[in-house]
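*Asks:* Take a look at the following structure, please.
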Amino acid sequence: MRLGDVIDDHCVKCRRVTNHSIVSLVNGEAAKVRCRTCYHDHDYRHEQAPPSKKELKKAEAEAQAALAATVDGGHGVEEPSTNPEVV
């Protein structure tokens, strides 16, 4: 990869995968790119769209449900330590 090379990436402004020019490199990998459609500069996203607000909300609800299940499953009682050094 070299500066100015054209690669595909997801543009957050265009909201789709478009051609981008490499603007900066870090350790030989693209770090920042510029959309060749709208000329918006952003971090290289490896062609992955950011999650929607709906997906983020669903993931947060699932995480809270999992946390509640672990707290309820333990009934608030800690298990004794198996480490002989802890008294």
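Rule-based calculations on the coordinates, nothing more; no lab input. Since the structure is predicted, the reported quantities are computational estimates derived from the model, not experimental observations. FYI the Cβ positions are ideal-geometry reconstructions off the backbone, even for glycines, and counts take in every protein chain you see.
*Asks:* Explain nothing, just compute: Karplus ³J(HN,Hα) = 6.51 cos²θ - 1.76 cosθ + 1.60, θ = phi - 60°, for every residue of region 53-65 in order, whole Hz, x for Gly and Pro.
*Replies:* Ordered by residue, 3J(HN,Hα) equals 4, 5, 5, 4, 5, 5, 5, 5, 5, 5, 5, 5, 5 Hz.
*Asks:* What does a probe at Arg45 reach in region 1-39, counting residues whose amide N is under 14 Å from the point 7 Å along Cα→Cβ?
*Replies:* 8-20, 32-39
*Asks:* Continuing with the same structure: Starting from the Cα-Cα distance between Arg2 and Val26, subtract it from 0.36 nm times their residue separation and give me the gain in nm to one decimal.
*Replies:* Details: separation 24, 0.36 × 24 = 8.64 nm, distance 1.08 nm.
Length gained, Arg2 through Val26: 7.6 nm.
*Asks:* Lys32: which lysines have alpha carbons under 18 Å from its alpha carbon, excluding same-chain residues fewer than 8 sequence positions away?
*Replies:* Within the straight-line cut-off, Lys32 pairs with Lys13.
*Asks:* Expressed as a rounded percentage, what relative contact order does region 6-74 have, with Cα pairs under 8 Å and six or more residues apart? If you can, show how the numbers build up before the last one.
*Replies:* Details: 87 pairs, mean separation 16.4, N = 69.
Computed value for region 6-74: 24 percent relative contact order.
*Asks:* For region 1-71, which GluC sites (Glu not before Pro) are both in a DSSP coil and crowded by at most 14 other Cβ atoms within 10 Å? Spell out each step's value before the answer.
*Replies:* Working: sites: Glu29, Glu47, Glu55, Glu60, Glu62; in loops: Glu47.
Answer by residue number: Glu47.
*Asks:* Please state, rounded to one decimal and in Å, the Kirkwood hydrodynamic radius that region 9-65 gives when every pair of distinct Cα atoms enters the mean of 1/r.
*Replies:* Kirkwood radius, region 9-65: 12.6 Å.
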